[in-house]
Amino acid sequence: MSAPTPETAENSDRARASLEALRTEIAKAVVGQDPAVTGLVVALLCRGHVLLEGVPGVAKTLLVRALAASLELDTKRVQFTPDLMPSDVTGSLVYDTRTSEFSFQQGPVFTNLLLADEINRTPPKTQSSLLEAMEERQVTVDGTPRPLPEPFLVAATQNPVEYEGTYPLPEAQLDRFLLKLTVPLPSRDDEINVLTRHAEGFNPRDLHAAGVRPVAGLADLEAARRAVAGTSVSPEIAGYVVDICRATRESPSLALGVSPRGATALLSTARAWAWLTGRDYVTPDDVKALALPTLRHRVQLRPEAEMEGVTADSVINAILAHVPAPSLRQ
């Protein structure tokens, strides 16, 4: 790989600074969710989609809205409900009585950042309407494919599946999400901070008044993506990623391990994280840092393991502890 030119390096540094500012800007509205903020930035760099899971009231929707407000990108929100139809998401053909012809009316999926709020509250028929959009970045209606804008990212929020009135996402759709980020309850100090902000007049419905402003745009994002694509991956790192994913397929606790698509996703997110931290090469620590959010939704526990209290995260952590990491010479 050829060394980057001074101009390329300068563009890369500028793009990294813009995305760092993006993380700072989101923190003006969302307290104590730094890992989730970082995950959203990584997904933008990798052209991937994000599933945010947590109990109601932990700022999942606010997090995505703050991301949209910090970017100069078009955004739309869909509240997923049991009676939502696929055409309510993708759009449909509408008959025009003046021209006696059908014309296509775009749905909210035609945007840069789609907030799919409480995606697991709608039946599988409507959930599946996003599959083509997420994978092919297009929508086909009446046999005609219609490309979606670039960039395109689905940020879906989800309540835990044990809550009444939800529909678990099928494995095929889970695999379309690059990352599954858990949004936990805040610590005591963070919760006090949240209450203090509200007491001082913070309104989550008015992010502009909270000081959230656009700090990055499409040009910054494209420059960052080019820089991430130039981040080098040694054969040892590629082998390390493969060994981790193959170990999930051999785990006695798992009925379904990580597919090759999951392995490429882990390599992609590790490269993005390496670039965000200021390096042009990937280390084993980069792989470990992104292993949980990239892989936790791509494995399936055996029923007996689940009854014993085993979780996907605990299995992946055990694999990371046992698969030997390569020694890199830079």
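Worth a mention:
- Label point distance in nm, SER100-ALA21, each placed 7 Å from Cα along Cα→Cβ: 5.7
- Of the three principal axes defined by the Cα atoms of segment 1-95, the extents in descending order read 54, 39, 23 Å.
- Our summary of shape: the Cα atoms of segment 49-184 have principal axis extents of 53, 34, 24 Å, ordered from largest down, in whole angstrom.
- Fraction of antiparallel bridges per DSSP, the chain only, in percent to nearest 5: 40
- Calculated on alpha-carbon atoms, Rg and Dmax of segment 132-224 in Å: 18.9, 54
- Of SER253, SER100, SER327, the residue with the largest accessible area leads and the full order is SER327, SER100, SER253 (1.4 Å probe).
- Global size of segment 68-141 as Cα Rg and Dmax, reported in angstrom: 13.7, 43
- Database remark: amide H of LEU301 closer than 5 angstrom to the amide H of ALA255 (H placed geometrically; neighbours at sequence offset of 5 or more, or on other chains; Pro and chain starts carry no H).
- Size descriptor, Kirkwood hydrodynamic radius, that averages inverse alpha-carbon separations across segment 178-330, Å: 18.1
- The region of the chain that goes longest without hitting one of the GluC sites (Glu not before Pro) in a DSSP loop, each with at most 11 other Cβ atoms within 10 Å, is 1-161.
- Mean accessible surface per residue for the chain, computed with a 1.4 Å probe while every protein chain stays in place, in Å²: 49
- Only Lys, Arg (+1) and Asp, Glu (-1) charged, at Cβ; segment 289-330 dipole about Cα centre in debye: 300
- Percentage relative contact order, segment 213-284, counting C-alpha pairs under 8 Å, at least six apart: 39
- Spin-label pair ASN317/THR144, simplified geometry with 7 Å Cα→Cβ offset, distance in nm: 5.3
- Stretchable slack from VAL233 to ASP13, in nm (0.36 nm times residue separation minus alpha-carbon distance): 77.2 nm
- Share of carbon and sulfur in the accessible heavy-atom surface of segment 43-160 [1.4 Å probe, %]: 50
- From the coordinates shown, Cα extents along the principal axes in Å corresponds to which of [x] 58, 46, 39; [y] 90, 40, 29; [z] 70, 54, 50: [z]
- Comparing Cα centroids, segment 144-219 and segment 248-280 end up 22 angstrom apart.
- Note on LYS288: aspartates and glutamates with a C-alpha under 18 Å away, same-chain residues under 8 apart excluded, are ASP34, GLU236, ASP243, ASP280, ASP313.
- Sparse packing (at most 12 other Cβ atoms within 10 Å of the Cβ) combined with a DSSP loop state is found for the following trypsin sites (Lys or Arg not before Pro) in segment 102-210: ARG205.
- Accessible heavy-atom area order of TYR167, TYR240, highest first, probe of 1.4 Å: TYR167, TYR240
- When you filter the trypsin sites (Lys or Arg not before Pro) in segment 274-313 for DSSP loop state and at most 16 other Cβ atoms inside 10 Å of their Cβ, you are left with ARG279.
The values are calculated or read from the model by the stated rules, or taken from the named source; none is laboratory data. Note that the structure is a prediction, hence the values are computed from the model and not measured. Cβ sites come from the backbone with ideal geometry, for glycine too, and all protein chains shown count toward neighbours. Accessible surface is based on the protein model in full, side chains and every heavy atom, while ligands, DNA and RNA are left aside. Shrake-Rupley method; radii C 1.70, N 1.55, O 1.52, S 1.80 Å.
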